[in-house]
Amino acid sequence: MTILVDVLRAHIVPGLTNVEAIPQMTYRGWIASKSYKMTTPLQSKEFVLDVYSHEQLLQPYAYDINRMATSSFESMHGISPDEGLPKSVGWLIIRSYYSAYFSMQAILRLFGMSCSQFDANESRAVTNIAQMYSLQNGNTAASGYYKCQYDPTSSKVCCKQLSNTHQDVWKSFYELIDDLATKVASSDFRKIDRDSAIEYLFKLREGLSFRKALNNGNWLSKVRNEVNYTHSMGAWFPYSNSSNEHQKMFRLIKCWKQAPSQEIINSNLAQCDQLLFVSTCVSIVSLCYGLLADLNTINDNSFLKYGAMRLANQLN
């Protein structure tokens, strides 16, 4: 594995490689199971859960990592040019976006963050636990899309409702990258290795922020919306304002199983927006694949054996 993966591995949720059985519980299922207590008052859109069992909580993280990563890899693998319409890149952009989105969700979970929808069943479970410990505080947990950050050291999960699903999740990923860079800077690795990992993370942030023009890291979502709903960027027939870089875009797609490298983004920062978009998407999927392949190497009987890595090994 690359130095980057070695450096980042130190910050992955501990114990994930020990999960060997095929996970069956989703994160929402864990919330509904009430396998936690509460020691702080409930707020309707923000609450803290005290975890009973670290090993049990690993199950929904592993389950979601598998399903997100397999969806990502399958989406990226299925992108190919249309011989009759070689400049058609609309579906390339949309599929590469969702591939990156799914990989991003898997990466978040590797580092303890789950972004999940809580419906009435989950919100009722949280409210019931708060009531059990006399911490309901006159509030009821609201349904909605939540960011839940797990801290294994304190055995607490901090949940906060998000307002915009895709934009807020990308912002969470953007902030995670910054947080990882800070942790790497103070780690015990050699300075040259720390600097290399930090430079990669900053290049990834540069792609996510459209060359530092956006401060919330949701440029990929913005492009997806424009291509999907306003048919911009010359992605659809008659391809007005197209970049004439469609061949390079399709070649980039094939790089998702390469070792994660800042060069993928760096070599396209000064190129057209379409190439920067695709290179950023591919970099995220490459990072996800690299991290999971590393975990699979540590324990080839882990939960990945029959999930994400099984699929990845089938895709050439």
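A short reminder: the numbers here are calculations on the coordinates, not readings from a lab. On a predicted model such as this, the values are computed, not experimentally measured, just so you know. Every residue, glycine among them, receives a Cβ derived from its backbone with ideal geometry; neighbour counts consider all protein chains shown.
Brief remarks follow.
- Each of 11, 231 has some number of other Cβ atoms within 10 Å of its Cβ, and from fewest to most they run 231, 11.
- Neighbour count of at most 16 Cβ within 10 Å plus DSSP loop: longest GluC sites (Glu not before Pro)-free window in the chain: 84-316
- Whole-Å distance, taken between Cα centres, linking the range 230-269 and the range 125-188: 34 Å
- Restricting the range 229-300 to trypsin sites (Lys or Arg not before Pro) in coil, as DSSP defines it, with at most 16 other Cβ within 10 Å: 254
- Note on the range 175-296: Kirkwood radius taken over Cα pairs, Stokes-Einstein applied at 4 °C and 1.567 mPa s, translational D equal to 84 µm² s⁻¹.
- In the chain, the DSSP-assigned H stretches of four residues or longer account for a calculated mean residue ellipticity at 222 nm of -16500 deg cm²/dmol, using -39500 (n - 2.57) per stretch and the full residue count as denominator.
- Likely footprinting exposure, 129, 284, 192, fewest C-beta neighbours within 10 Å first: 192, 129, 284
- Within a straight-line Cα-Cα reach of under 23 Å, residue 248 can be paired with the following lysines, leaving aside sequence neighbours fewer than 8 residues apart in one chain: 87, 203, 222, 257.
- Rg/Rg_globular for the range 236-316, with Rg_globular taken as 2.2 N^0.38 Å and Rg from C-alpha atoms: 1.33
- Charge-dipole axis of the chain as Lys and Arg at +1 and Asp and Glu at -1 on Cβ define it, positive-most pick from 274, 241, 27: 241
- Shape call, the range 154-215: gyration tensor on alpha carbons, a/c limit 1.5: oblate
- In terms of surrounding Cβ atoms within a 10 Å radius of their Cβ, 280, 182, 2 rank from fewest to most as 182, 2, 280.
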